[in-house]
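Visitor: Dumping the structure here so I can ask a few things about it.
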Amino acid sequence: MTDAASRQSRRLAGKVKYPAVRRQLLRLEVGDQKDRDPSTFYWQDPATVDRSVVEEAIQRDRVRADILLDFLAQIKTPSVRNIGLDGSHAAWLIAQHNPDYRSLGPLMLRKMKYLYYKDKHQVHYRGIPYLVDRLMIHRQGWRRDAKQLYGTQGYFDEHGVLHGYPIIDSAHLVERLHKFDLDLRACAALSEKGMTS
């Protein structure tokens, strides 16, 4: 989220319908990002990582996902009106990191798309392509040849080199990204070698 969007979100936070839910989501987001700090196992050689550390992080992710699912049952949509833009971002991020747990990813994507088509400024709409790609890659078993639509997802090889998953219909990538106000260079740069038609 940009600094300007963050300032606006904080200014409007007092006007959200569910301020307590928003505050809790922001706390959950902090935990999510702490688990993904560069010093954590996410950025290490998988062969050297203690599996119990991974399992503990997965458990923390699932706790956050369960809380988000409970909130969604209460508030219905992760809208700016309900939880602010920063709350909408936090909800998206938790779903992004738990795409397959209790169908949170598909549920969040449906809710975000609904809001996007109704009024894109009522949701963290720039997160939609990331969630679409994450779900696509997940459904294809995280294989290195798994296809994505927006070029937002990548993987590290055994040498620690980042690669992008191949992109479907790369000829129309710019217009797909433009719908979500995303920059091609920032979004698809990690997939430039993985573009397919």
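Visitor: To make sure I understand the rule: partners must be aspartates and glutamates, Cα under 12 Å from the Cα of residue 147, and not fewer than 8 residues away in the same chain. Which ones qualify?
Guide: Cross-link targets: 133, 169.
Visitor: List the lysines whose Cα lies under 17 Å from the Cα of residue 179, skipping any in the same chain that are fewer than 8 positions away.
Guide: 113, 118, 120
Visitor: Among 108, 136, rank each residue by its count of other Cβ atoms within 10 Å, from fewest to most, as a rough exposure measure.
Guide: If I rank by nearby Cβ atoms, fewest first, I get 136, 108.
Visitor: Could you check the spin-label model distance between residue 56 and residue 103? Points 7 Å from the Cα along Cα→Cβ, value in nm.
Guide: 3.3 nm
Visitor: If you take the charge dipole of segment 3-123 about its Cα centre, with +1 on Lys and Arg Cβ and -1 on Asp and Glu Cβ, which of 99, 65, 85 is farthest toward its positive end?
Guide: It is 85.
Visitor: Just the projected area, averaged over all directions, of the convex hull on the alpha carbon atoms of segment 89-163: how many nm²?
Guide: Result: a mean projected hull area of 5.3 nm².
Bear in mind that the values in this text are calculations on the coordinates, not laboratory data. Just so it is clear, the model here is predicted, and its values are computed rather than measured. No Cβ is skipped: glycine too gets one built from the backbone with ideal geometry, and neighbour counts run over all protein chains shown.
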